[in-house]
Amino acid sequence: MTTHATRIGTPGPRPDFPGPWAVAESIRYERSARRRGRLPAGWTNYSTRRTLRMRRDPLGLLLDGYARFGPIFGIRVMHDYSAIMLGPEANHFVLVSGRDNFVWRHGRFGDLLTLLGDGLLTTDGDYHDAGRAIMLPAFHRDRIVAATELMGEEASAAVDSLPGGGTVDLFSWQRALAMRIAMRGLFGLDPDGAHAADLVDAFERGLRFHEREFPLQVLIGPGTPWAKLKRARADLERLLGAEIRRRRNSETAGEDILGSLLQSADQDGRILSDRQVLDHVLTLLFAGHDTTTSTVTFLVYELTRRPEWQRLLQAELDSVCGERPPSAEELSGSLPLLTQAIDETLRLYPPAWIGPRRAVCDFEFGGRFVPAGVSVAYSSWASHRLPDVFEAPDAFRPERFEPSERANWPRGAYVPFGQGPRVCIGKRFGYTEVHAVAAALLQRYDLELEPGYQMQIRQMPTLSPKHGLPIRLRRRGRGLQATA
Ligand code: HEM
């Protein structure tokens, strides 16, 4: 393996205590922005009611803001002022045409620094671009084709383990499955082995910090969520560090994404250091795990509400691949109805629903001046529900993804994976995983929602059903008999 190439430079340390530090930082940024000019108008005073609504019903609040103020408006939640930008033009501006006005690290993604370090979600500029260039081959089509097999195997085994005829929490089931796929696809680890179990445990402990209420996040000292987060990160460094060193010292780096990152170099021969590889794979695990879980879960939820679509997808699967798992080729082109249903799910429930940034230049959008320093966010969730862009925006209608209809949408209208140079690097991996799992479920089962269930959505860190998703399973007359 290459060991003598140059390592890419580092973005440098940054204070990373998300609680009080984040409050102080946002106040400082807002002050400096105000000195440059007036912030975009909107709901700019402090309001406890609004702060609570943002936690309870962020979608409703953002849509109300759009109806009242238009595609750009200010909103204060607790101490924090942000300019919200919604709609196709706003998305295109933030993600593509005006992207140089923004950084990610000093937006809300900065809160993830302690857990994730300097991965793609928390870095900008040359450092980010060099890392991304080195990582791209790991997400090349051939690599995804190789991963498809393991996704199909894991999905079939997980579907086999379901109680035929009982009720399951589909959210927890899919979450465990996504973690198994990540352990194998990202790290090449046996998901039933002790190493993977320790890694999953440390990662889940780290994530828990971000689910805590803000007042708990600001505590420091032994036993606090902050101390537990630091401990989880130290455990992740130890566990993943050992695996990285083992791979560096062995003859072959491995066929998984970690192996690919260890072997890759950019065109100038630069490679990633062990620490950089660690931060990047942790970021991939974070960005890829709950997003796929959420997409499968909401797809199943919507299919139980439109059973005619469930039947259509089953018929499509029966005719394309019968009882065997779909091949990589079939998953990427021969199941158009399944793809439409997944695309529509991602429109209604884009898991990464908000894209936080920090403006680094003064700019103008929609006739409003935005001074450098302001926290800015686009929201795919709210943009995908705008009645002036999508007819019947709250309805699950996969039909709208027929190519002839889709061609009429303005650019920037549909952005579940972001867009532009920083579009989701794991899009193909995640998309394939969702197809593979949905196919395995639908081939084997008819799915019904537990009577009386009411969907409530939690939005942090990604969209998910707050109380899981209880699904009644009825084995279909025909089903997969073997995974080969
Ligand atoms: C259905 C599944 C997924 C969805 C909906 C999704 C969505 C997104 C979105 C919206 C962004 C851009 C965020 C922004 O503009 O602020 C993003 C970025 C990213 N995603 Fe995904 N993602 C998915 C799966 C994955 C998977 C499976 C991986 C890794 C294996 C992954 C890794 C990443 C990374 C590393 C970035 C940052 C890219 C960069 O800044 O260069 N995602 N994702």
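Filtering the stretch 449-481 to residues that are charged (D, E, K, R), closer than 23 Å to Gly152 by Cα and at pLDDT 95 or above leaves only Arg472. If you filter the stretch 260-278 down to residues that are among the hydrophobic types (A, V, I, L, M, F, W, C) and not in a helix (DSSP H, G or I), you find that the one that is nearest to Glu243 (Cα to Cα) is Leu272.
Can you confirm whether the stretch 319-328 contains a residue that is surrounded by fewer than 22 Cβ atoms within 10 Å (Cβ to Cβ) and at pLDDT 95 or above? Looking for residues that are surrounded by fewer than 22 Cβ atoms within 10 Å (Cβ to Cβ) and at pLDDT 95 or above, one finds at least one in the stretch 319-328, hence yes. Scanning the stretch 333-342 for residues that are part of a loop (DSSP other than H, G, I, E, B) and modelled with pLDDT under 95 turns up nothing. Filtering Ala158, Ala146 for residues that are more than 21 Å from the chain's Cα centre (by Cα), closer than 29 Å to His467 by Cβ and part of a helix (DSSP H, G or I) leaves a single hit, Ala158. Look at (1) crowded, with 16+ Cβ neighbours inside 10 Å; (2) modelled with pLDDT of 90 or more and you find that Leu52 fails only one, number (1). Within the stretch 129-149, not a single residue is farther than 17 Å from Gly254 by Cβ, away from the ligand (no atom under 16 Å from the Cβ) and at pLDDT below 90.
Pairing each residue of the stretch 227-238 that is more than 13 Å from Arg275 (Cβ to Cβ) with any residue that is outside any helix (DSSP H, G or I), provided the two are 6+ apart or on different chains, yields C-beta distances under 8 Å for Ala227/Ile220; Ala227/Gly221. For the stretch 284-299, the tally of residues that are in contact with a Ser or Thr (Cβ under 9 Å, 6 or more places away or on another chain) and at pLDDT 95 or above stands at 8. Name the residues in the stretch 402-455 that are away from the ligand (no atom under 15 Å from the Cβ), of a type in the set (D, E, K, R) and either crowded, with 19+ Cβ neighbours inside 10 Å or over 24 Å from the mean Cα position of the chain (by Cα) (or both), would you? Passing the criteria: Glu402, Glu405, Arg444, Asp446, Glu448, Glu450.
The values are calculated or read from the model by the stated rules, or taken from the named source; none is laboratory data. Since we're looking at a predicted model, the values are computed, not measured. Methodologically, a virtual Cβ is constructed for each residue, glycine included, from the backbone with ideal geometry; neighbour enumeration extends over all protein chains shown.
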